[in-house]
Amino acid sequence: MRFGDGSSIDAHAVILASGVTYRLLDGPGLADLVGRGVYYGSALTEAAACEDQEVYVVGGANSAGQAALYLARLAKQVTLVVRGDELSRSMSAYLVEQVEAHPRVRVLTRTEVVSATGDDHLEHLELRDVDTGAVTCVECGWAFVFIGAAPHTDWLDGLVARDARGYVLAGPDLTQDGAPPTGWTLDRVPYHLETSVPGVFAAGDVRSESAKRVASAVGEGAMAVMLVHRYLEQL
């Protein structure tokens, strides 16, 4: 492995656990209020503070729908802000049904967040209608953003197999009809968290189709260590 400063290190095995960076909303005031009313990803430890409050959830995929339903247990109302024209484009059907049926969840499609204001804490959001360009200012003390994430894998380009979004493919996701991936040099198929390069493993959010949760990432890290020991025993 070679580092940015030019130094390098040799290793018999590597665990890739470089994680992801959540995609951020772009607009005045939004960056200044992160952690003070604006939260990215699964920062739902703040849910208790949202009791009887107006809450906005930004995003149209499963993680946003799940967050909206979770927050609606305590919040006065949860507004799901979706840039697309319908939830079914990126959210599972069962979740769409639950979101649309919940009495304290409303959905704003073709809408995007353009700015935020507040002194020590979020107080207002500005929402823009994608079609008309009309901007509406709403009172809001809590905004949870789920607009995807980008894995830290650019440095792996051409080295290990990745999916279309850049996440590292591992284990069963590499095999086709039980056959190992192209270029695989061992007689066995890859272990569960092993990448297209023998001895290189992926754990946590960086892995394709991972659960994107802390508990599962910790579990995968422990499993990867166990698999590394198994791999080293075979050298």
- [ ] Check 203, 217 and return the single one that is touching a helix residue (DSSP H, G or I) at 6+ places or on another chain (Cβ under 8 Å), aliphatic (A, V, I, L, M) and over 15 Å from residue 13 (Cα atoms).
- [x] 217
TODO: Please tell me if residue 70 is at pLDDT below 95, surrounded by 14 or more Cβ atoms within 10 Å (Cβ to Cβ), under 20 Å from the mean Cα position of the chain (by Cα) and assigned to a strand (DSSP E or B).
DONE: no
- [ ] Determine if the stretch 213-234 includes at least one residue that is assigned to a loop (DSSP other than H, G, I, E, B), among the polar types (S, T, N, Q) and touching a residue at least 12 places away in the same chain (Cβ under 8 Å).
- [x] no
Task: Sole exception among (1) closer than 20 Å to residue 20 by Cα; (2) touching a residue at least 40 places away in the same chain (Cβ under 8 Å); (3) among the hydroxyl-bearing types (Ser, Thr, Tyr) for residue 191, by number - done: (1)
Task: Residue check, residue 160 under 15 Å from the mean Cα position of the chain (by Cα) and touching a residue at least 24 places away in the same chain (Cβ under 8 Å) - done: no
Task: Residue within the stretch 144-157 that is without any contact (Cβ under 8 Å) to a residue 12 or more places away in the chain and polar (S, T, N, Q) present - done: no
Task: Count - residues of the stretch 187-217 that are hydrophobic (A, V, I, L, M, F, W, C), modelled with pLDDT of 95 or more and farther than 30 Å from residue 40 by Cβ - done: 1
TODO: Search the stretch 131-157 for residues being part of a loop (DSSP other than H, G, I, E, B) and among the polar types (S, T, N, Q), and hand back the single one that is nearest to residue 81 (Cα to Cα).
DONE: 132
- [ ] Would you list the strands (runs of 3 or more DSSP E) that sit entirely within the stretch 1-58 and hold 3 or more residues that are in the same structural domain as residue 135 (by TED's automatic domain parsing) and among the β-branched types (Val, Ile, Thr)?
- [x] 54-58
Open item on the list: Taking the criterion of being surrounded by 15 or more Cβ atoms within 10 Å (Cβ to Cβ) and touching a helix residue (DSSP H, G or I) at 6+ places or on another chain (Cβ under 6 Å), would at least one residue in the stretch 4-14 satisfy it?
Closed with: yes
Task: Those residues of the stretch 49-67 which are closer than 18 Å to residue 22 by Cα and either buried (at least 22 other Cβ atoms within 10 Å of the Cβ) or among the polar types (S, T, N, Q) (or both), in sequence order - done: 56, 57, 58, 59, 60, 62, 63, 64, 65, 66, 67
Task: Qualifying residues in the stretch 73-90 (those that are closer than 26 Å to residue 134 by Cα and in contact with a helix residue (DSSP H, G or I) (Cβ under 6 Å, 6 or more places away or on another chain)) - the one surrounded by the most Cβ atoms within 10 Å (Cβ to Cβ) - done: 80
Open item on the list: Given the condition of a type outside the set (A, V, I, L, M, F, W, C), surrounded by 14 or more Cβ atoms within 10 Å (Cβ to Cβ) and within 19 Å of the chain's Cα centre (by Cα), answer yes or no: does some residue in the stretch 123-137 qualify?
Closed with: no
Task: Filtered residue count, the stretch 121-130, keeping only those that are outside any strand (DSSP E or B) and either in contact with a strand residue (DSSP E or B) (Cβ under 8 Å, 6 or more places away or on another chain) or closer than 30 Å to residue 18 by Cβ (or both) - done: 3
Task: Selection within the stretch 181-227 - buried (at least 19 other Cβ atoms within 10 Å of the Cβ), closer than 25 Å to residue 62 by Cα and among the β-branched types (Val, Ile, Thr) - done: 206
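The values are calculated or read from the model by the stated rules, or taken from the named source; none is laboratory data. This one's a predicted model, so the numbers in the text were calculated from it and none came from an experiment. All Cβ positions, even for glycine, are placed from backbone atoms using ideal geometry, and neighbour counts span all protein chains on display.
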